[in-house]
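The values are calculated or read from the model by the stated rules, or taken from the named source; none is laboratory data. Just so we're clear, the structure is a prediction, and the values are computed from it rather than from any experiment. In this analysis, Cβ positions are derived from the backbone assuming ideal geometry, glycine residues included, and neighbour counts consider all displayed protein chains. Calculation scope for accessible area: heavy atoms of the full protein, side chains included, ligands and nucleic acids excluded. Shrake-Rupley method; radii C 1.70, N 1.55, O 1.52, S 1.80 Å.
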Protein chains: 2
Amino acid sequence: MVTSTHDRPIVLVSNRGPVTFDRQDDGTLSSRRGAGGLVSGIGPLVAGTDTTWLAAAITDGDREAAAGGVVEADGFRVAMLAIDPDTYRAAYDVVSNEVLWFVHHGLFDRVRVPAFDHTWAESWSAYREMNHRFAQKVAEVAEPDAVVLVQDYHLCLVAARLAELRPDVDCVHFSHTPFAPPSWLGMLPEKTVLELLHGMAAHRACGFHATRWATEFADSARTLGGLSPQTFVAPLASDPDDIRQAAASPACAAALEDLEAVVGDRAVIGRVDRMELSKNHVRGFLAYDDLLARYPEHREQVVFVAEAYPSRSGVPGYADYRADVERTVAAINERWGTESWTPIVVDHEDDFPRSVALLRRADVLLVNPIRDGLNLVASEGALVNERNAVLALSPEAGAWERLRTGVLTVPPFDVAGTAEVLHRALIMPAGARADLAARLRALAEARTPRHWLADQLAAVTGADER
Amino acid sequence: MVTSTHDRPIVLVSNRGPVTFDRQDDGTLSSRRGAGGLVSGIGPLVAGTDTTWLAAAITDGDREAAAGGVVEADGFRVAMLAIDPDTYRAAYDVVSNEVLWFVHHGLFDRVRVPAFDHTWAESWSAYREMNHRFAQKVAEVAEPDAVVLVQDYHLCLVAARLAELRPDVDCVHFSHTPFAPPSWLGMLPEKTVLELLHGMAAHRACGFHATRWATEFADSARTLGGLSPQTFVAPLASDPDDIRQAAASPACAAALEDLEAVVGDRAVIGRVDRMELSKNHVRGFLAYDDLLARYPEHREQVVFVAEAYPSRSGVPGYADYRADVERTVAAINERWGTESWTPIVVDHEDDFPRSVALLRRADVLLVNPIRDGLNLVASEGALVNERNAVLALSPEAGAWERLRTGVLTVPPFDVAGTAEVLHRALIMPAGARADLAARLRALAEARTPRHWLADQLAAVTGADER
């Protein structure tokens, strides 16, 4: 049976919603657009369509909005789900961010962590509870025959419960992270692994940003769960018009002026990422150090500018990571810096216009994660850069799969190899740079969030056809 | 073509040899039996056969012996290879023990290490050089049509060079470690990965202690190298007569008496391992802590005795590991200990009779590595224990594959789950204990080093048959 999905109503389900509600002094609720890649990427697509977006209530204002059922706000039709704070904390902080995020990105120092103690069973119960609450809420708000698009690792156990309550809806899952191969996922307690894999397999299909994550998910499902879930690959992409609009804004122009005042006419190596363990800041800076040591011609001639905005400072490991980064930067600036030249400039504020200004101005953009579901910055840089920047991209970023013919590939664990790539990028002749940048731009423009959404809807049909 | 290998001369090649040479005061060289699982396991088999054992010269006496060509010592026919100390240090310490050991056992804290800098190429050259020196030496000492059995991760690049020099010999490789799956091996620089995989694939076949390691090697060879090397599985096993002879020695009797004086008639949980990052001491002790917290009936009734002999204290991470272990033990003894009861007793001396005494006396033997090529202690315990000890064994030990129906399986990252297994082991009724122990003993006795050696020789023939 092939079902057309184009005219079916959609329920989009994610932990974080497209808007946040705040109570005003006059007692009314006001809404404001939320942050996050999902919202900026697909928000414009679903606003005004027959889509209901269900998300967890995070602020007090969200909780009040949750009581009101489905509401219209900022052009979205939104439902908020209020979850008991302790349950939410265990499900979100402990299970989702300290364990699932870590295992999918390979961030555990296995000699020491994870070490699941008797509190794990409670945390996992909270995760299950949160997922079942989401399922119940979807069951309430979904129109007949709706297509339910469940987003990300916070919500892997929605589909099975939902199928009991609403057999008329079709449920697809999409992971914005990588997925752990068997050797990593197998660290989790067996019951957890089985429930997680069966939970994901209960969807019509499970989608990922890259073939590799889909393959590793399928490996884990088969090896550890004896399951053969349907998978699909649908890389999200930046919307060219959106990011170019941001680049053309007065705020971005002002930020670019500030940046020019710092870097002058020096070549700029740029990076833009959260201070996230998987992003690999330290090895990136060490590679720059190696570059300056081995190729003295770049001294005084290059500035490495990093927009490194804060992230999850409450999760164990993140404060140490930031300290490592700062120590590394200080040592390199101490070693090479002169009165007129600071080799590395790091900005720890989350300032979107400044990030876009850096993407416009960079001569080389370094994106070297040790593992990253997609990495939107890789394509955003291509869309707004004005100097034919070379993108030095790790194959461990999901984006590499689609962009690889337009980039120089950096090996993320190989500092010396990364330094070589930075050198090649800096000395690349203008013609070759222009060719490579044109190829990258064409690849970046070839997909928009619309394709990503269409692929998810097609996965419902595709699953019927198998 | 099927070649009978039984009557072909053998060259056994390993980093560490069966004997060590020392210069005596009178100027002569004396030899003494070396340590290590390989020597104790297969030494008795090859002594007196048509086997030449080639190993690296480590002591000054070894270097002198190396100059003498093939020599007879302690019943072995031995050749020692003298390697430039700097080359050996880079090949052995840096490449073998800090990188290959770490990647095969999944010991890297990937957020920080490895970070290959420009010194890596030199270290890898030293490794290649050491391997080629071994190949040249094998070419010199091997009789016509010899079968060459290359042992372990220090020596992965011998075969190709040897094939150029001596096309008449057949070369098989055997890994005593696990092998890194693609997601781990891919952290190494691409050139290193390719050279390593091609080096291994140049053997007639590559052997492992467990199917899982063979599969992960094949995955890595295919995914990262486009190769399909022949593999075989041949678990090494303790020799029942050897270990029982050690158990019957006066030294062991004395050690057992010492142990009885410490533990009295309490139940004993025992563990015997090097202070090695992969052995998972801390989570084992935390599980014991959890056991005492949740099952008060075991307080004062159980002693956890650990023979934890020192290992690689010069390799980064090992001193911190030992400090973690000692801190954990001190905290648990502080929490639960009484005037008449020390909950955990750790012995850091490498004392074989004491280790065997513990294997004899234990009521539960905990072997919970996060990843371990085989683990001979698992079967040694079964061969000498006198109390129908329950073996609590991690599935991440290669030995688990063959012994699993005679053990309780412990999940190595799951502290609470390990505590449950320890509890079940301690309270298991006598009849069930006896049945399980008998099953384990039968499995342990079913294989000897002779089978392992025969499997390697058969792999030469098997490779012809494919």
_Failed item, numbered, when residue A:134 is tested on (1) open to solvent by 10 Å² or more (accessible area, probe 1.4 Å); (2) aromatic (Phe, Trp, Tyr); (3) within 24 Å of residue A:50 (Cα to Cα)_ = (1)
*Going by the structure shown, is residue B:129 in contact (Cβ under 8 Å) with a residue 60 or more places away in the chain and of a type in the set (Asp, Glu)?*
no
*asked:* I'd like the full set of residues that are open to solvent by less than 10 Å² (accessible area, probe 1.4 Å) and away from chain B (no Cβ under 11 Å), limited to the range A:286-297.
replied: A:288, A:292
*Quick one: which of B:457, B:376 is in the same structural domain as residue B:214 (by TED's automatic domain parsing), more than 28 Å from residue B:301 (Cα to Cα) and either out of contact with any helix residue (DSSP H, G or I) (no Cβ under 8 Å at 6 or more places or on another chain) or open to solvent by 10 Å² or more (accessible area, probe 1.4 Å) (or both)?*
B:457
*For residue B:341, which of the numbered conditions (1) at pLDDT 95 or above; (2) open to solvent by 60 Å² or more (accessible area, probe 1.4 Å) fails to hold?*
(2)
*Determine which member of the set A:268, A:262 is away from every other protein chain (no Cβ under 13 Å) and part of a strand (DSSP E or B).*
A:268
*asked:* Pull out all pairs, ordered by first then second residue, where Cβ-Cβ is under 6 Å, the residues are six or more apart or on different chains, the first lies in the range B:148-167 and is touching a residue at least 40 places away in the same chain (Cβ under 8 Å), and the second is in a strand (DSSP E or B) and polar (S, T, N, Q).
replied: B:151/B:14
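Here is a yes/no grid of residues against (1) of a type in the set (D, E, K, R); (2) more than 19 Å from residue B:227 (Cβ to Cβ):
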site: B:117; (1), (2): yes, yes
site: B:137; (1), (2): yes, yes
site: B:144; (1), (2): no, yes
site: B:147; (1), (2): no, yes
site: B:154; (1), (2): no, yes
site: B:169; (1), (2): no, yes
site: B:184; (1), (2): no, no
*Scanning for something among the acidic types (Asp, Glu), open to solvent by 60 Å² or more (accessible area, probe 1.4 Å) and more than 14 Å from chain A (Cβ to nearest Cβ), does the range B:53-71 turn up at least one residue?*
yes
*Is it true that residue A:118 is in the same structural domain as residue A:196 (by TED's automatic domain parsing), open to solvent by 20 Å² or more (accessible area, probe 1.4 Å) and part of a loop (DSSP other than H, G, I, E, B)?*
yes
*Are any residues in the range B:394-421 over 21 Å from residue B:447 (Cβ atoms) and part of a helix (DSSP H, G or I), and if so, which ones?*
B:415, B:416, B:417, B:418, B:419, B:420, B:421
*Within the range A:417-436, can you find the residues that are among the small types (Gly, Ala, Ser) and either within 14 Å of chain B (Cβ to nearest Cβ) or touching a strand residue (DSSP E or B) at 6+ places or on another chain (Cβ under 6 Å) (or both)?*
A:417, A:419, A:425
_Being small (Gly, Ala, Ser), free of Cβ contacts under 8 Å to residues at least 40 places away in the same chain and open to solvent by 10 Å² or more (accessible area, probe 1.4 Å) is the requirement here; does residue B:430 meet it?_
no
*Would you point out the residue of the range B:89-115, among those that are away from chain A (no Cβ under 11 Å) and among the β-branched types (Val, Ile, Thr), that is surrounded by the fewest Cβ atoms within 10 Å (Cβ to Cβ)?*
B:94
_Restricting to the range B:310-358, name every residue that is under 20 Å from the mean Cα position of the chain (by Cα) and among the basic types (Lys, Arg)._
B:312, B:322, B:354
*Which of the helices (runs of 4 or more DSSP H) contained wholly in the range A:140-258 include at least 1 residues that are more than 14 Å from chain B (Cβ to nearest Cβ), modelled with pLDDT under 95 and open to solvent by 10 Å² or more (accessible area, probe 1.4 Å)?*
A:158-165, A:240-247
*Residue by residue through the range A:121-131, note down the ones that are open to solvent by 70 Å² or more (accessible area, probe 1.4 Å) and within 14 Å of chain B (Cβ to nearest Cβ).*
A:122
_Selection status of residue A:345, in a strand (DSSP E or B), of a type outside the set (D, E, K, R) and touching a helix residue (DSSP H, G or I) at 6+ places or on another chain (Cβ under 8 Å)_ = yes
_Top-ranked residue in the range A:379-393 [being assigned to a loop (DSSP other than H, G, I, E, B) and at negative phi; ranked as surrounded by the fewest Cβ atoms within 10 Å (Cβ to Cβ)]_ = A:386
_Residue that is least open to solvent (accessible area, probe 1.4 Å) [pool: residues in the range B:404-416 that are facing chain A (nearest Cβ under 9 Å) and without any contact (Cβ under 8 Å) to a residue 24 or more places away in the chain]_ = B:414
*Could you figure out which of (1) among the basic types (Lys, Arg); (2) within 14 Å of another protein chain (Cβ to nearest Cβ); (3) touching a residue at least 24 places away in the same chain (Cβ under 8 Å) isn't true of residue A:327?*
(3)
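Condition check: touching a helix residue (DSSP H, G or I) at 6+ places or on another chain (Cβ under 7 Å), within 25 Å of residue A:105 (Cα to Cα) and open to solvent by 40 Å² or more (accessible area, probe 1.4 Å). Does residue A:401 satisfy that? Steps first, answer last, please.
Working: touching a helix residue (DSSP H, G or I) at 6+ places or on another chain (Cβ under 7 Å): yes; within 25 Å of residue A:105 (Cα to Cα): yes; open to solvent by 40 Å² or more (accessible area, probe 1.4 Å): yes.
In short, yes.
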